[in-house]
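S.K.: Questions regarding the structure given below will be posed in turn.
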Amino acid sequence: MALLRKAAAAFSAAAAVLLSTSPTASAAPTSHGTPARETFDRLPLGPVSEGRDWTADTSNGTLTVAPSTTGRPGRELRLRTEGNGRAFLVFPGLTAPGNSYWARLRLRVDVFPTAPDWAHWTIAEASGSDSPTLVRPLGGQYAPTDHGNFWGVGSDLGPTGDWTSWKTSAPATAGKWQCVEFHLDATDNRVTVYFDGIEQPDLTVSTAHHGGTSDPFTFPTFDKLKLGWQLYQADPTPSSYDVRMDDIAVSTRRVAGC
C-alpha cells in the first residue's frame, strides 16, 4: 500500500507539472543565444497578425500561414502586397550582446519589379530607438541599365543618407527558394550577406565602405528587426508581389543552414 501511495503521489506531481506548462511557451523554444525563432508550423493556417515574439506591420499587404510549397512537411508564411505596399513580421525588443547578431531564413520572391526604373525594395530592416538610421541588410533595386534586379545592402535616414549598394554580381532570381543570412557586426558597423551558405563579399558594407555620403556609416543600438517586403515606388510593374518565408532564426552566433 505504501508503494502504491508513493506511485500515486508521483503521478499526481507529474500531471500537475504538465498541466501547468504553457503549450505556447513550449511551442518554439529558443536557446540563450537565439533570441528569435519561427518556423510557422505551430500557427493555424490562414491570415495571421502575430506569432511567438513578433507582430505584423502592413499597409496594402497581408500575412498568411500556408502549407509548405516545397514538398517538405510543415507550413510557411506567405506575404502579399499590392502596389507599393508593405508586409513585415516585426521582432520588437530584439537586442543582442555587443549590438551584433546573425539572422537566417529561407526565402522565395515570386517576381521582382520591372518598372519604374530604379524601383527599390527591402526584405530586412534593423533599427533602434536611439537613432533614425535604418539598416537594410537585405534588399535590392531594379537597374534598367543592367536589365535586372540586383541584391544590395542599404540604409536610410542616417548621416550617410538614402542608399542601396546593389551589385550586378548578385542578381536577384525570382521563383527560387534560397537560404539567406546576414551578420550585423557592430565592431566595424559591418553587414555581411550569405546566399545558400556562400558569402557575398561584394555586398559587404562597413563604417568607411558603403554606398552613401562620405560620413561614417554607424549602427543604431538595435532593438527591432523587420522581415518581409516593401516596394517604395508607386504604380510598379507588376502591380502585386508574393513572398514566402520559413525557418527564421536570429542568434548571437551563426545558425546552421536552412
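The values are calculated or read from the model by the stated rules, or taken from the named source; none is laboratory data. Since we're looking at a predicted model, the values are computed, not measured. Note that each Cβ is placed from the backbone with ideal geometry, even for glycine, and that neighbours are counted across all protein chains shown. In case anyone asks, the SASA skips ligands and DNA or RNA and just uses the protein heavy atoms, side chains included. Shrake-Rupley method; radii C 1.70, N 1.55, O 1.52, S 1.80 Å.
S.K.: Would you confirm, using the coordinates I've provided, whether Thr164 is open to solvent by 20 Å² or more (accessible area, probe 1.4 Å) and either touching a Pro at 6+ places or on another chain (Cβ under 7 Å) or part of a loop (DSSP other than H, G, I, E, B) (or both)?
M.R.: no
S.K.: Here's a follow-up. Looking at (1) assigned to a loop (DSSP other than H, G, I, E, B); (2) of a type in the set (Val, Ile, Thr); (3) within 16 Å of Phe195 (Cα to Cα), find the lone condition where Ile123 falls short.
M.R.: (1)
Yes/no matrix, rows are residues, columns are (1) farther than 18 Å from Glu125 by Cα; (2) at pLDDT below 95; (3) in a loop (DSSP other than H, G, I, E, B):
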residue	(1), (2), (3)
Ala174	yes, no, yes
Gly212	no, no, yes
Thr218	no, no, yes
Leu225	no, no, no
Arg244	no, no, no
Gly257	yes, yes, yes
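S.K.: Would you call Leu231 out of contact with any Ser or Thr (no Cβ under 8 Å at 6 or more places or on another chain), within 20 Å of Lys176 (Cβ to Cβ) and touching a residue at least 60 places away in the same chain (Cβ under 8 Å)?
M.R.: Answer is no for this residue.
S.K.: So, in the range 79-114, exactly how many residues are within 13 Å of the chain's Cα centre (by Cα) and either of a type in the set (D, E, K, R) or in a loop (DSSP other than H, G, I, E, B) (or both)?
M.R.: Of the residues in the range 79-114, 4 are within 13 Å of the chain's Cα centre (by Cα) and either of a type in the set (D, E, K, R) or in a loop (DSSP other than H, G, I, E, B) (or both).
S.K.: Right, here's the next one. Residue by residue through the range 24-44, note down the ones that are in a loop (DSSP other than H, G, I, E, B) and either at positive phi or at pLDDT 50 or above (or both).
M.R.: Gly33, Thr34, Pro35, Thr39, Phe40, Asp41, Arg42, Leu43, Pro44
S.K.: Tell me whether the range 134-157 contains one or more residues that are in contact (Cβ under 8 Å) with a residue 24 or more places away in the chain and open to solvent by 50 Å² or more (accessible area, probe 1.4 Å).
M.R.: yes
S.K.: Can you pull out every residue in the range 107-117 that is out of contact with any strand residue (DSSP E or B) (no Cβ under 6 Å at 6 or more places or on another chain) and under 23 Å from Phe195 (Cβ atoms)?
M.R.: Result: Val111, single match.
S.K.: Return a yes/no flag: does the range 185-207 have any residue that is outside any strand (DSSP E or B), within 21 Å of Arg86 (Cα to Cα) and in contact with a Pro (Cβ under 9 Å, 6 or more places away or on another chain).
M.R.: If we filter the range 185-207 for residues that are outside any strand (DSSP E or B), which is where we start, we get 186-189, 196-197, 200-204, 206-207.
Next, only the ones that are within 21 Å of Arg86 (Cα to Cα) stay: none.
Within the range 185-207 (the criterion being outside any strand (DSSP E or B), within 21 Å of Arg86 (Cα to Cα) and in contact with a Pro (Cβ under 9 Å, 6 or more places away or on another chain)), the answer is no, since none of the residues qualifies.
S.K.: Search the range 30-48 for residues that are under 20 Å from Lys224 (Cα atoms) and pair each with any residue that is among the polar types (S, T, N, Q) and modelled with pLDDT of 90 or more when their beta-carbon atoms are under 6 Å apart and the residues are at least 6 apart or on different chains.
M.R.: So the pair list comes out as Gly33/Ser251; Gly33/Thr252; Thr34/Ser251.
S.K.: Same structure again: Here are Phe150, Phe182, Phe195: which of them is closer than 15 Å to Gly228 by Cα and under 20 Å from the mean Cα position of the chain (by Cα)?
M.R.: One residue alone meets the criteria, Phe182.
S.K.: Output the residues belonging to the range 208-235 that are more than 22 Å from Thr95 (Cβ to Cβ) and open to solvent by less than 10 Å² (accessible area, probe 1.4 Å).
M.R.: Trp229, Leu231
S.K.: Does Ser131 count as closer than 18 Å to Val193 by Cβ, of a type outside the set (Phe, Trp, Tyr) and surrounded by fewer than 21 Cβ atoms within 10 Å (Cβ to Cβ)?
M.R.: Answer is no for this residue.
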